[in-house]
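One structure follows; several queries about it will come next.
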Amino acid sequence: RDIEAKLSNAQIIDIRSMPPSDKVIFGTTVVLVDLAAGNEVRYRIVGDDEANVAEGLLSISAPIARAIIGKREGDEVEVQTPGGTKVYEIGAVEYI
């Protein structure tokens with residue numbers, strides 16, 4: 001029943017048909033730079049059922065995703081993690 005309910009309410013979002021922007025939205029791929037460590041991570045913002053962090057698929061409801069939605073390339077964001085506060089810079093926003 002849960003799957004049937006999700007399917008009946010599902011909408012297809014083609015990110016490639018969106019006007020170009022540097023704003024983080026559902027479906028975009030984002031490069032985040034950890035300002036303390038200097039390393040980069042790449043995530044695509046996806047629905048809860050598609051999420052798999054090991055494959056770079058970050059749930060829209062994850063704390064990092066919630067912190068970066070609506071932000072733009074070059075913005076800095078603070079994210080509360082179990083290990084403490086992390087500060088990231090949005091290095092790139094890709095509509096792939």
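Every number in this text was worked out from the coordinates using simple rules, so none of it is lab data. Remember, predicted model here, so these are calculated numbers, not experimental data. Note that each Cβ is placed from the backbone with ideal geometry, even for glycine, and that neighbours are counted across all protein chains shown.
Placing +1 on the Cβ of each Lys and Arg and -1 on the Cβ of each Asp and Glu in the chain, which of G84, I64, G38 has its Cα farthest towards the positive end of the resulting dipole?
The Cα lying farthest towards the positive end belongs to I64.
Turning to a different aspect of this structure: Under a point spin-label approximation (7 Å from Cα along Cα-to-Cβ), what is the V87-V33 distance to one decimal in nm?
Between V87 and V33, the simple spin-label model gives 1.3 nm.
Moving to a separate point now. Name the shape class, rounded, prolate or oblate, that the alpha-carbon gyration tensor gives for segment 57-96, where a ≥ b ≥ c are the square roots of its eigenvalues, rounded holds for a/c under 1.5, and otherwise prolate holds if a/b is larger than b/c and oblate otherwise.
It comes out oblate by the Cα gyration axes.
Then there is this: From Cα pairs below 8 angstrom and at least 6 apart in sequence, can you work out the relative contact order of the chain, rounded to a whole percent?
On the way: 167 pairs, mean separation 29.5, N = 96.
In percent, rounded to a whole number, it is 31.
Let me ask you something else. R0 = 35 Å: FRET efficiency of E4 with N52, Cβ-based, nearest 0.05? Mind showing how you got there, number by number?
Working: r = 23 Å, r/R0 = 0.65.
The computed FRET efficiency comes out at 0.95.
Run the numbers on segment 52-96 and let me know its relative contact order in percent, using alpha-carbon pairs under 8 Å that are six or more apart. The partial results should precede the final answer.
On the way: 43 pairs, mean separation 12.3, N = 45.
Relative contact order here is 27 percent.
Need the full-extension length gain, F26 to I96, defined as separation in residues times 0.36 nm minus the C-alpha distance. One decimal, nm.
Details: separation 70, 0.36 × 70 = 25.20 nm, distance 1.17 nm.
Full extension of this stretch gives 24.0 nm more.
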